[in-house]
Amino acid sequence: MKVSTTPIIDGHTIKENKGIVFSQSVQGFSWIKGWSAAWRSLAGGRSSSHEEVVVAARNQALQELKDEAARLGANAITGVVVDIDTVGGGTETLLLAKASGTAVII
């Protein structure tokens, strides 16, 4: 399945619009990762444990977006947007990755 952030896919003509598709992935942070990242933040630098969670959430949201488009009979998705947010707070902070786009046949 071809996926593009643009409204077109180079070299292809959109033959049919199947509709908007959405997906989301919620990932939790363990208290160990949170504690480790807090120390990293104080010392400066990147938190590889948090980056791993972000990548996992993004990849899962994109895969589910492709799955949803395939269920509609599409073979491509245009105008893809991925947004990452946190949900909750304190000891129960979760990472939310949301993806949307337009399922099309090219």
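The values are calculated or read from the model by the stated rules, or taken from the named source; none is laboratory data. None of the values given here were measured: they were computed from a predicted structure. No Cβ is skipped: glycine too gets one built from the backbone with ideal geometry, and neighbour counts run over all protein chains shown. Side chains included, ligands, DNA and RNA excluded: accessible areas come from the protein's heavy atoms. Shrake-Rupley method; radii C 1.70, N 1.55, O 1.52, S 1.80 Å.
Table for the structure above
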item: Selected residue [touching a Phe, Trp or Tyr at 6+ places or on another chain (Cβ under 7 Å) and either modelled with pLDDT of 90 or more or not in a helix (DSSP H, G or I) (or both)] from S23, S100; result: S100
item: Members of the range 80-97 found to be open to solvent by less than 30 Å² (accessible area, probe 1.4 Å) and at pLDDT 90 or above, listed by number; result: V80, A97
item: Flag for K2 being at pLDDT 95 or above, open to solvent by 90 Å² or more (accessible area, probe 1.4 Å), among the basic types (K, R) and under 17 Å from the mean Cα position of the chain (by Cα); result: yes
item: Selected residue (criterion: least open to solvent (accessible area, probe 1.4 Å)) from residues of the range 68-79 that are in a helix (DSSP H, G or I) and touching a residue at least 12 places away in the same chain (Cβ under 8 Å); result: A69
item: Residues being within 15 Å of the chain's Cα centre (by Cα) and not hydroxyl-bearing (S, T, Y) - total across the range 68-86; result: 10
item: Near pairs, Cβ below 7 angstrom, 6+ apart or cross-chain, from the range 1-22 (of a type in the set (S, T, Y)) to any residue that is assigned to a loop (DSSP other than H, G, I, E, B) and surrounded by 14 or more Cβ atoms within 10 Å (Cβ to Cβ); result: T13/I106
